[in-house]
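The values are calculated or read from the model by the stated rules, or taken from the named source; none is laboratory data. This one's a predicted model, so the numbers in the text were calculated from it and none came from an experiment. When we count neighbours, we look across all protein chains shown, and the Cβ atoms used for this are built from the backbone with ideal geometry, even at glycine. Note: accessible area is taken over every heavy atom of the protein model, side chains too, but ligands, DNA and RNA are not part of it. Shrake-Rupley method; radii C 1.70, N 1.55, O 1.52, S 1.80 Å.
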Amino acid sequence: MSFSIWGSEQEAKPLSKSLQSLVGKVVGNTTPRPAPALAEVKISECALDAAQLEALEAICGAGYVSTEREQRIPRARGKSYFDLLDWRVDQVIDVPDAVVAPKSNEQVLELLQWASKSSVAVVPFGGGTSVVGGVSPLRGRFNAVISLDLTRFDAIEDVDSISGEATLGAGMSGPQAEIALAEHGLQLGHFPQSFPYATIGGFAATRSSGQNSAGYGRFDEMVASMEVVTPQGIMTVGDAAPASAAGPDLKELFMGSEGTFGIITKVRLKVHPIPEAKAYEAFVFPDFASGVAAVRAVEQHKTGPTVIRLSDEIESATNLTSTDAIGEQDTAAPHGCLCLTMYEGTREHVASRHEETRNLLLEMGATSLGEAPVRKWEKGRFGAPVLRDALLDAGVLCETFETATTWSNVPNLKKAITAAVTEALGEGNSVALVLCHVSHVYANGCSLYFTILGAQDEAPIEQWRHAKLSILRAITEHNGTITHHHAVGTDHADFMQQEVGQLGLGILRAVKDHLDPQGVLNPGKLLP
Ligand SMILES: Cc1cc2nc3c(=O)[nH]c(=O)nc-3n(C[C@H](O)[C@H](O)[C@H](O)COP(=O)(O)OP(=O)(O)OC[C@H]3O[C@@H](n4cnc5c(N)ncnc54)[C@H](O)[C@@H]3O)c2cc1C
């Protein structure tokens, strides 16, 4: 993946005519702010001396410690709007002093113990798709910082197809994992939009949730156990048995710990047979409220779609679910809210789940649009983020964020967030287009995922920081979570006390102090 954009340069796409016209209408004139070439980026000096680099090489092996720009620059930022803007604003970028790639638990342990003795911070790096500042190379109170790349944990260790479990290396990307499992007729079914680049370890470290979560659950629900290396030792967390009552579940401590408690090196996952059949159907609802009521009914009656998503009126009208047609008049759902559903499983199950879900949705006010809109969405679903790069190059403010709440609070929270972002950007005369959808559902509530488009002002980082603060305040004041699946990183850390309370924060700090007494693991992330 290229350092300053989503995906590779070959995947980059110019803005389509329809998207240009949408931007022109909503945002007005903008000043282009293109990303620099790698050779033009100004970076921080390497703070490690020759003896330290030698020590690192003795641990990881020759060729697995690098201080080259080509290695350090791509590991300096994730893929949030802040991260992508950082490259586009002329400044010296703080990059990790070295990139190291250990290959075994023993090497990781030795590395963490060396870092603890040598006052060097360690930032675990999976796919680098964090959108919350999770991989930023913060030094904290240390002299130097290294990026610990998990790439060499890339093997499928063992597969128990009778029990439906497989152990995967934490550095395997989404596609690597699915290809390896497919050889055994198995599938994980975790498809976040970052699937092409994000890794198994990253999914666990951030409690990721994929687009098929209605069918297969969140990533944390797929984890049976994990191998974790901390400066204090190597451990396996989670149950060898399918369930256990032996006290609190320790794997929960590491899920969502964002590299601050330990390095996840292997994950034992619950997997299932590759589905035999699929079915698709899209619907339109007259408004968001009736759509939300219907999606809730589907989840509470457990009629069983694998994917269910509902766009609000503005997202439906801008055609956001169809990458190549964003901004075109949506002929499928011109007035109303688009709802996409997909079903996977055996032929009989797919047929019965589809029928039961469709009957319920129709009863609750939906009109069927057939299968074409869902097929289009499925085809383009990993491609949309590429468009953000073109928008940023053109000087457009474009970011996404998410939260979750109970069904009864959905209207209240959506209204509060929309008002907060519109007001915050409006103060600087940047009109904001606020799009929203529901894409992860639970019996008691759902996530709300927002996409924002606006005009960048002359200080775009400060502009978005101000807006983001207003959004987080609106979320915490209106009973949302600060993150449903993007995690905390640096961007949400100041709101962790509101999220878990002072006592809760104390528990997390006590765990950190026990496992990482010198505090070298990912300083500045998760914990304020
Ligand atoms: C375009 C785009 C779309 C996205 N869509 C989704 C989505 O649909 N659903 C979703 O959940 N998220 C999504 N994300 C967010 C991101 O992809 C997830 O947070 C993902 O789980 C990160 O995985 P990664 O391997 O890239 O981790 P990284 O970005 O490398 O790291 C994330 C955090 O985890 C830590 N970490 C990484 N690996 C390990 C490890 N092995 N052990 C300990 N700590 C580790 C890092 O230090 C960092 O703090 C999206 C991001 C982008 C850019």
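One residue is enough: does the range 415-428 have a residue meeting the conditions basic (Lys, Arg) and either touching a residue at least 12 places away in the same chain (Cβ under 8 Å) or in contact with a Ser or Thr (Cβ under 6 Å, 6 or more places away or on another chain) (or both)?
no
Please go through the range 141-188 and pick out each residue that is away from the ligand (no atom under 13 Å from the Cβ), over 18 Å from Met226 (Cβ atoms) and open to solvent by less than 40 Å² (accessible area, probe 1.4 Å).
Phe142, Ala144, Glu178, Gly185, Leu186, Gln187
Identify the single condition in (1) part of a loop (DSSP other than H, G, I, E, B); (2) away from the ligand (no atom under 13 Å from the Cβ); (3) surrounded by fewer than 22 Cβ atoms within 10 Å (Cβ to Cβ); (4) touching a residue at least 24 places away in the same chain (Cβ under 8 Å) that Leu527 does not satisfy, given that it satisfies every other one.
(2)
With the checklist (1) part of a loop (DSSP other than H, G, I, E, B); (2) modelled with pLDDT of 95 or more; (3) away from the ligand (no atom under 16 Å from the Cβ) in hand, flag the one item Ile417 doesn't pass.
Answer for Ile417: the failing condition is (1).
For the range 17-34, which residues satisfy the criterion of being more than 17 Å from Asp457 (Cα to Cα) and under 26 Å from the mean Cα position of the chain (by Cα)?
The answer is Leu19, and nothing else.
Would you confirm, using the coordinates I've provided, whether Lys278 is within 10 Å of the ligand (Cβ to nearest atom), among the basic types (Lys, Arg) and part of a strand (DSSP E or B)?
So Lys278 fails the test.
Looking at (1) without any contact (Cβ under 8 Å) to a residue 12 or more places away in the chain; (2) of a type outside the set (Val, Ile, Thr); (3) in contact with a Leu (Cβ under 9 Å, 6 or more places away or on another chain), can you tell me which one Asn143 breaks?
Only one criterion is unmet by Asn143, namely (1).
Please work out which one of (1) out of contact with any Lys or Arg (no Cβ under 8 Å at 6 or more places or on another chain); (2) in contact (Cβ under 8 Å) with a residue 40 or more places away in the chain; (3) buried (at least 19 other Cβ atoms within 10 Å of the Cβ) is the condition Asp287 fails and give its number.
(3)
If a residue has to be charged (D, E, K, R) and open to solvent by 40 Å² or more (accessible area, probe 1.4 Å) to count, how many in the range 492-519 make the cut?
Of the residues in the range 492-519, 4 are charged (D, E, K, R) and open to solvent by 40 Å² or more (accessible area, probe 1.4 Å).
Looking only at helices (runs of 4 or more DSSP H) that fall completely inside the range 53-140, which ones have 2 or more residues that are within 14 Å of the ligand (Cβ to nearest atom)?
Of the helices (runs of 4 or more DSSP H) lying wholly inside the range 53-140, those with at least 2 residues that are within 14 Å of the ligand (Cβ to nearest atom) span 81-88, 105-118.
Considering only residues that are surrounded by fewer than 21 Cβ atoms within 10 Å (Cβ to Cβ), within 25 Å of Pro273 (Cα to Cα) and within 16 Å of the ligand (Cβ to nearest atom), which ones fall in the range 341-389?
Glu378, Gly380, Arg381 - these are the residues of the range 341-389 that are surrounded by fewer than 21 Cβ atoms within 10 Å (Cβ to Cβ), within 25 Å of Pro273 (Cα to Cα) and within 16 Å of the ligand (Cβ to nearest atom).
Being near the ligand (Cβ under 9 Å from one of its atoms) and either among the acidic types (Asp, Glu) or surrounded by fewer than 17 Cβ atoms within 10 Å (Cβ to Cβ) (or both), is that true of even one residue in the range 249-258?
For the range 249-258, residues near the ligand (Cβ under 9 Å from one of its atoms) and either among the acidic types (Asp, Glu) or surrounded by fewer than 17 Cβ atoms within 10 Å (Cβ to Cβ) (or both): present.
So, in the range 199-243, exactly how many residues are among the aromatic types (Phe, Trp, Tyr) and open to solvent by 40 Å² or more (accessible area, probe 1.4 Å)?
Going through the range 199-243 one residue at a time, the tally reaches 1.
Can you pull out every residue in the range 89-118 that is under 12 Å from Leu521 (Cα atoms) and open to solvent by 40 Å² or more (accessible area, probe 1.4 Å)?
Correct list: Gln113 only.
If the requirement is being closer than 20 Å to Gln71 by Cα and more than 22 Å from the chain's Cα centre (by Cα), which of these qualifies: Val135, Val145, Val95, Val122?
Val145
Residue under question is Gly202, and the condition is that it be free of Cβ contacts under 8 Å to residues at least 12 places away in the same chain, of a type outside the set (Ser, Thr, Tyr) and within 15 Å of the ligand (Cβ to nearest atom); does it hold?
In short, no.
For Leu338, are the conditions met, namely being open to solvent by less than 20 Å² (accessible area, probe 1.4 Å) and in contact with a Cys (Cβ under 6 Å, 6 or more places away or on another chain)?
Taking the combined requirement at face value, the residue does not satisfy it.
Do we have Pro36 as open to solvent by 50 Å² or more (accessible area, probe 1.4 Å), modelled with pLDDT of 85 or more and outside any helix (DSSP H, G or I) here?
In short, no.
Which one is surrounded by the fewest Cβ atoms within 10 Å (Cβ to Cβ), of the residues in the range 39-59 that are in contact (Cβ under 8 Å) with a residue 40 or more places away in the chain and within 29 Å of the chain's Cα centre (by Cα)?
Lys42
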